[in-house]
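Shown next, in structure tokens, is the structure this report addresses.
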Amino acid sequence: MQPITMFETHFKTAQAMLKVYQLLSSEEDLTATNAYVPKLREMMNWEADEPLTLLLNDMFLGAVRENANVSPTFFGKPNLALLLRQAVASSCSAMDVFFPSLLEAHLSKVVKVRQRNFLPKSGEVKTLFQDFRLKLDDLPPFLEEQDAEERWNLLSRKILTFCQHKTLSNVEGISAVMMMLGVQEPWHQIAAEAGMQQTALQNQIKTAVKRRNDIVHRGDRLIGDTEGQPEPINLAWTKAHVNAVESVAHVCDALARKSIRNLTEEPETAGAT
């Protein structure tokens, strides 16, 4: 499965949460006295004294019956906000899947072509690998392998294993992944392709990731305020940040594939064996 397909598969949960929120959300006080209810009772042959909760907006009309054991307050903003929080968490989880898979799909090609020069030595990549070490037990496979290409494959797998334990789905991690795949000045290019100002786009990703952490670890409460009320959240804010995540993933996929195409067209003179 292609990395972007894996992203879309996981990202569907975020999209579904937003759609369900919009279907169930209503600004009206929809009680059993609403003018629509008698007509519904007649159409569906429901008893006149059965309590009903009506859900109505521009996209959806629904009636919740008594045996559902759900009060009208269940569909209030505090409960529906849980859908928005889940959308944020799910969009970030899609990034958690996407960027490691993007690296796994393309890194071996970069290593094969660039060999000893494959790893940028500055910026976020340097920070990512500052605690990378090869142990004595790691050396025999490299020394015993006669095929040079297979030695580079061994190194690729070692790098990928190391990255499995690193966070690649934040601003710094995304930059490191893209630089490893040969994309120069990643966020400059990502923002340009997404049609956004670089700082604004980075801030949206930072904010989405931080909000996901608050949601998952503290029920969307601030650090040190675990007994307080969750932070307010609304549809506009959620859609903006979820859409930013989707845009970044698609742009990164396109930039990575372009970089690999350009790289494999270059003469393979990047390093010695």
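Listing for the model above:
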read-out	value
The chain - percent relative contact order, Cα under 8 Å, separation 6 or more	25
The chain - charge dipole about Cα centre, Lys and Arg +1 at Cβ, Asp and Glu -1, debye rounded to 20	680
Of Lys121/Lys158; Lys126/Lys258; Lys77/Lys239; Lys158/Lys210, those spanning more than 21 Å from alpha-carbon to alpha-carbon	Lys126/Lys258; Lys158/Lys210
Relative packing of 118-124, 243-249, 98-104, which averages over residues the other C-beta atoms within 10 Å, highest first	98-104, 243-249, 118-124
Cβ-based charge dipole, the chain, positive-most Cα from Phe129, Thr13, Thr161	Phe129
Mean Cβ count within 10 Å, highest first, over the residues of peptides 45-53, 81-89	81-89, 45-53
Proxy reagent accessibility, fewest Cβ within 10 Å first, across Asp96, Asp131	Asp131, Asp96
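Read-outs throughout are calculated quantities, based only on the coordinates presented, and are distinct from any laboratory measurement. Everything numeric in this text was worked out from a predicted model, so none of it was measured. Ideal geometry is used to build each Cβ from the backbone, glycine not excepted, and the neighbour counts take in all protein chains shown.
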